[in-house]
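The values are calculated or read from the model by the stated rules, or taken from the named source; none is laboratory data. This structure is a prediction, so every number in the text was calculated from the model and none was measured. When we count neighbours, we look across all protein chains shown, and the Cβ atoms used for this are built from the backbone with ideal geometry, even at glycine.
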Amino acid sequence: MKTGLNLEKKPRKDVIVEKEIKVSTTDPDSGYMVRNGKPEGFFYLDHRTVDHKFNIITDVYVTPGNVHDSVPYIKRLEYQIKKFGFEETLEAVALDAGYLTTPICKALHDKNIFAVIGYRSFKPAKGLMAKWRYKYNKEKDVYICPQKHYLTYWT
């Protein structure tokens, strides 16, 4: 089906972006954390694993505050599988929305572990319409906004 749209991706421009990393003068092992609804500053994060049946904390791992929650997850899961002998019995895990990342989904799939992961519905910036309000028209290969305008593909 020919759409008349140029679907070729434009070549990537290599851009080097330097990012300032803040380091505490009193505790250089901590990490500078900035999150909505949380205080800003140098912190540590503790990552806990909890048994679903008895609500017992089975693992605690501490990272600097600027390490995303999902980063240590797979290694900690592998540590617990080995520690508790779950190689043949672990069937499923439940995770909050912060763990919904491609590397985690891939690793769990490869280990044949079923995952129930929370979903975070993002609100669009003020003045923008939510993504779900746009409808896809398969015949014309376009999205249609609520005001009935066609949105053509571009990169």
> So K82 clears everything in (1) exposed (fewer than 11 other Cβ atoms within 10 Å of the Cβ); (2) under 24 Å from K19 (Cβ atoms) except one condition, right? Which one?
Replying inline: (2)
> Pick from the stretch 112-155 the residues that are among the aromatic types (F, W, Y) and surrounded by 10 or more Cβ atoms within 10 Å (Cβ to Cβ): which of them is farthest from F86 (Cα to Cα)?
Replying inline: Y150
>> Anything in the stretch 18-57 that is more than 29 Å from Q80 (Cα to Cα) and of a type in the set (K, R)? List them, or say none.
In response: K19, K22, K38
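Residues in the stretch 92-117 that are assigned to a loop (DSSP other than H, G, I, E, B) and either of a type in the set (A, V, I, L, M, F, W, C) or not assigned by TED's automatic domain parsing to the domain that holds L45 (or both): how many? If you could, list the steps in order and put the result at the bottom.
Step one: list which residues in the stretch 92-117 are assigned to a loop (DSSP other than H, G, I, E, B), which gives 96, 100-101, 111-113.
In the following step, the residues that additionally are either of a type in the set (A, V, I, L, M, F, W, C) or not assigned by TED's automatic domain parsing to the domain that holds L45 (or both) were identified as 100, 113.
Adding up the residues that qualify gives 2.
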